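This report refers to the structure that appears directly beneath it.
The values are calculated or read from the model by the stated rules, or taken from the named source; none is laboratory data. Predicted, not measured: the structure shown is a model, and the values here were computed from it. Heads up, the Cβs are rebuilt from the backbone with ideal geometry, glycines too, and the neighbour counts pull from every protein chain shown.
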Amino acid sequence: MIEVDFHKSVVTVLIDMTEFKTNKKFDYVFITSGLVSLFTNEEELKTILTKTHNLLSEDGVFVFAVDTIKSKLEDDIDYKEFVSVKTHEGYKLILKSKNRFDIETSIQYSPSIYKLYDGNRLLQF
């Protein structure tokens, strides 16, 4: 467990929710965007959501997002450039990804690759 105190009233915790135990109650619990959608085992997800709910103070708030089949992306044949940035050294770092939705499991896959260029010369894949 990693715990960092940025302000006296804010504590961030990076944990494995299946193993986390505390008697402390929280006013606000935030799970980053789409993370809940990565759980494919329904019983494990129920356990994690229940444990998180039990961490809340009486007026606590639990915030999370869930991607559904309605937000699925069209399948891509090839990797497409998603974002490109220039590094401090002047190199170009490109993130490419492609999407594939598995109908059988209802899982959206979005593998990504990074490529580092010096001009047109590929430095690292």
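When Ser112 is tested against (1) touching a Leu at 6+ places or on another chain (Cβ under 7 Å); (2) closer than 23 Å to Thr68 by Cα; (3) surrounded by 13 or more Cβ atoms within 10 Å (Cβ to Cβ), just one condition goes unmet, and that condition is (3). Do we find a residue being modelled with pLDDT of 85 or more and among the polar types (S, T, N, Q) anywhere in segment 102-121? For segment 102-121, residues modelled with pLDDT of 85 or more and among the polar types (S, T, N, Q): present. Checking Leu122 against (1) over 25 Å from Thr40 (Cα atoms); (2) in contact (Cβ under 8 Å) with a residue 12 or more places away in the chain; (3) surrounded by 10 or more Cβ atoms within 10 Å (Cβ to Cβ); (4) not charged (D, E, K, R), only one condition comes out false. Which one? It is condition (2) that Leu122 fails. When segment 82-105 is filtered for residues that are within 21 Å of Phe39 (Cα to Cα) and surrounded by fewer than 12 Cβ atoms within 10 Å (Cβ to Cβ), the ones remaining, listed by number, are Asp102, Ile103, Glu104, Thr105.
Taking the conditions (1) of a type outside the set (Ser, Thr, Tyr); (2) more than 29 Å from Phe39 (Cβ to Cβ); (3) modelled with pLDDT of 90 or more in turn, Asp59 satisfies each one other than (2). Ala65 meets all of the listed conditions (1) over 29 Å from Leu14 (Cβ atoms); (2) loosely packed, with under 14 Cβ neighbours inside 10 Å but one, namely (1).
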